[in-house]
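Step one of this worksheet: look at the structure below.
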Amino acid sequence: MNRRFYRLAIVLGLITAVGPFAIDTYLPALPSIGGALHATPAAVQMSLTAFFITLGVCQLVYGPLADMVGRKPPIYAGLAIFTLGSIGCAFAPTINVLIGFRVLQALGACAGMVIPRAIVRDLHTGHEATRLMSLLMLVMSVSPILAPLTGSFIIVAFGWRGVFWALTIAAAVAFILALTQLRETREVHHRAGSTWAGAFSAYGKLLLDPMFMGLTLTGAFGISSFFVYLANASFVIVNHYGLTPTLFSLCFALNAAAFFGVSQLTGRLTRRYGLPRVIRLAACGFAASMSVVAALFIAGVDSLPLMMVFLFIGYGFLGLVLPTTGVLALEHHGAIAGTASALLGALQFVVGAAVMAISGIFANGMPEPMIIGIAVCAVTALVIALLTVRHEGTTAHSVAGHR
C-alpha cells in the first residue's frame with residue numbers, strides 16, 4: 001500500500017511539475033532571449049505573461065474533459081501538445097513566434113495542473129488526500145528549488161534554446177510514466193452523466209458555493225504572494241542587493257524548500273487537529289510573519305538576511321495553507337472532481353496574474369513594494385480563511401453531487 005502510495009505521488013508530482021518547470025527554468029533565459037531575438041524587455045516579458053494567462057484559463061477545458069473521457073487521455077494529449085510547443089520554442093526565429101509556441105506549451109501544461117488533483121480526489125478524502133497532496137507537492141519542489149539553477153547551467157552550456165530541449169525531454173519522461181505507471185481512476189459508469197452543459201452548470205454552482213470559493217480564494221491569495229515575489233525578486237536581490245544570478249537562484253530555492261518541506265507535515269497535523277484548524281492557524285502564521293517584515297521595512301530597515309528569514313518562515317506556513325485548502329475545497333465534490341479542480345486552478349492563476357500585474361505598477365526595484373505586496377496578499381488570505389472556515393462543522397456544505 002505504502003509503495004503504491006509513494007509511487008503515485010512521484011508520478012503525479014512529476015506530471016504536475018512540467019508546467020512550473022517551464023516557468024522556472026525559463027526565467028534565467030529572459031535576457032539571452034531578448035538579445036538573440038532583438039526583442040524589447042516588454043516583448044520578452046509577454047512570453048511569460050501569455051504562458052500564465054493560458055495556463056489559468058485553459059484549465060477550465062481540461063477539467064470537464066477529464067470527467068467525460070477519463071483522467072489518462074487528457075494527460076496524454078496535454079503532454080503531447082506541450083512537447084510540440086517546446087520544440088517550436090527551440091526553433092523560434094522571432095519573439096512573436098516564441099510567444100505563440102509558449103501559448104501552445106501552456107495549453108498542454110494545463111492537463112498536468114488540473115488532472116492530478118482530480119486523481120487525488122478520486123482515490124482519497126480527508127487527511128489521506130492531504131498526505132498524498134503534500135507528497136505530490138514535495139516531488140514538485142524539484143522545480144522551484146532546482147529549475148532556476150538548472151536553467152542557468154543549460155544556458156551556459158547550450159544557450160537559451162537548450163532550455164526548451166530540456167523541457168521536451170522532461171515532457172517525454174512524464175508521458176512514459178503516465179503511460180506505464182498510472183491507472184485510470186475515473187470509471188466508465190462515473191463518466192456517463194458528465195457533459196459540457198453539466199460542466200458549465202457545475203461551474204455556476206461552484207461559483208455560488210461560499211465554502212468552495214472561500215477556500216479557493218484563500219489559496220489564490222497565498223499563491224499570489226509567491227507570484228509577487230516571482231515578478232520582483234530578481235530586481236530586488238540582484239540589482240538592489242547586488243547578488244549574482246546564481247546566489248539569487250539559491251535564495252529562490254531557500255523559500256521553495258521552506259514551502260515544500262513544511263507541506264510534508266500536513267498529513268500528520270490534519271489527522272490530529274483536523275483540516276479547518278490547520279488552515280486557520282497556518283493562515284495566521286503566514287499573515288503574521290509577512291506583516292512583521294513589511295512593518296520593519298516600512299520603518300526603515302533594509303536587510304536582505306532579515307527579509308530572507310521572514311520569507312522563509314512565511315512561506316513555510318504557506319506550505320500548510322495550500323494543500324489543506326485545496327483538499328477541503330474538493331472534499332465534497334467527488335462527482336465533479338475534474339471540473340472543480342479546473343475552476344480552482346483557473347481562479348487561482350487568474351487572481352495571481354492580476355495581483356502580479358498590480359504589483360508591477362508599484363515596482364521600483366526596491367524591496368518595500370514587493371514585501372508590502374506579499375503582506376497584503378497574506379492578510380487577505382487570512383481574512384478570507386477566517387470568514388470561510390469558522391469552525392470544524394464548516395466542511396459539511398456542498399452544492400454538487402457527493403461521492
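Since every read-out is calculated from the coordinates, none of them should be taken as a lab result. Owing to the predicted nature of the structure, the values given are computational and were not obtained by experimental measurement. Neighbour counts run over all protein chains shown; Cβ positions are idealised from the backbone, glycine included.
Charge tally for Gly198 (other residues, Cβ to Cβ under 14 Å; Lys, Arg +1; Asp, Glu -1): +1. Tally Lys/Arg at +1 and Asp/Glu at -1 over every other residue whose Cβ is under 15 Å from the Cβ of Leu382; what's the total? Summing Lys and Arg as +1 and Asp and Glu as -1 gives +3.
Placing unit charges on each Cβ (+1 for Lys and Arg, -1 for Asp and Glu) gives the chain a dipole about its Cα centre, and among Ser359, Thr54, Val301 the Cα reaching farthest toward its positive end belongs to Thr54. In a shell of Cβ-Cβ distance under 11 Å around Pro74, excluding Pro74 itself, what net charge do Lys and Arg (+1) and Asp and Glu (-1) give? Net of charged neighbours comes to +2. Length gained on full extension, Arg7 to Tyr76: 23.0 nm, using 0.36 nm per residue less the C-alpha separation. Spacing of the modelled spin labels on Leu208 and Val173, each 7 Å from Cα toward Cβ, amounts to 4.7 nm.
For the chain, a Gaussian network of Cα nodes joined below 10 Å ranks His124, His38, His332 by mean-square fluctuation, and the top entry is His38. Please name which of Pro28, Ala253, Leu328 has its Cα lying farthest along the dipole of the chain towards the positive end, using unit charges on Cβ (Lys, Arg +1; Asp, Glu -1) and the Cα centre as origin. Sorting the options by dipole projection puts first Leu328. Phi angles across the range 8-21 convert, under the Karplus curve 6.51 cos²θ - 1.76 cosθ + 1.60 with θ = phi - 60°, into 3J(HN,Hα) values of 4, 4, 5, 5, 5, x, 5, 5, 5, 6, 4, x, x, 4 Hz, Gly and Pro given as x. Sorting Thr270, Thr339 from the fewest to the most surrounding beta carbons within 10 angstrom yields Thr270, Thr339.
Along its first, second and third principal axes, ordered by size, the range 198-252 spans 52, 18, 15 Å in Cα coordinates.
Report the residue, chosen from Gly222, Gly365, Gly85, that carries the largest GNM mean-square fluctuation when the chain is represented by alpha-carbon nodes joined by springs under 10 Å. Taking springs between Cα atoms under 10 Å, the residue moving most is Gly365. Distances between placed amide hydrogens fall under 5 Å for Arg186 paired with Arg71, all partners being 5 or more residues away or on another chain. Its Cα centre serving as origin, the chain has a Cβ charge dipole (Lys and Arg +1, Asp and Glu -1) of approximately 960 debye. Straightening the chain between Thr49 and Glu184 buys 45.3 nm, computed as 0.36 nm per residue apart minus the Cα-Cα spacing.
Taking 16 Å as the cut-off, the amide N atoms of the range 39-73 that come nearer than this to a point 7 Å along the Cα-to-beta-carbon line of Thr94 belong to 39-40, 43-44, 47.
Can you give the helix-only mean residue ellipticity at 222 nm for the chain, where every DSSP H stretch with n ≥ 4 adds -39500 (n - 2.57) and the sum goes over all residues, rounded to the nearest 500 deg cm²/dmol? Calculated at 222 nm, the ellipticity per residue is -27500 deg cm²/dmol.
For Asp24, Asp67, Asp122, what ranking results if the residue with the fewest other Cβ atoms within 10 Å of its Cβ goes first? Intermediate values should be presented prior to the final figure.
Values: Asp24 25, Asp67 28, Asp122 21.
Going from least to most buried by this count: Asp122, Asp24, Asp67.
Between the labelled values (i) 56, 49, 39; (ii) 63, 58, 51; (iii) 54, 45, 31, the entry that holds Cα extents along the principal axes in Å as derived from this structure is (i).
Cβ crowding within 10 Å ranks Ile10, Ile176, Ile95 as Ile176, Ile10, Ile95, fewest other Cβ atoms first. For the pair the range 238-302 and the range 65-101, the centres of their Cα atoms are 32 angstrom apart.
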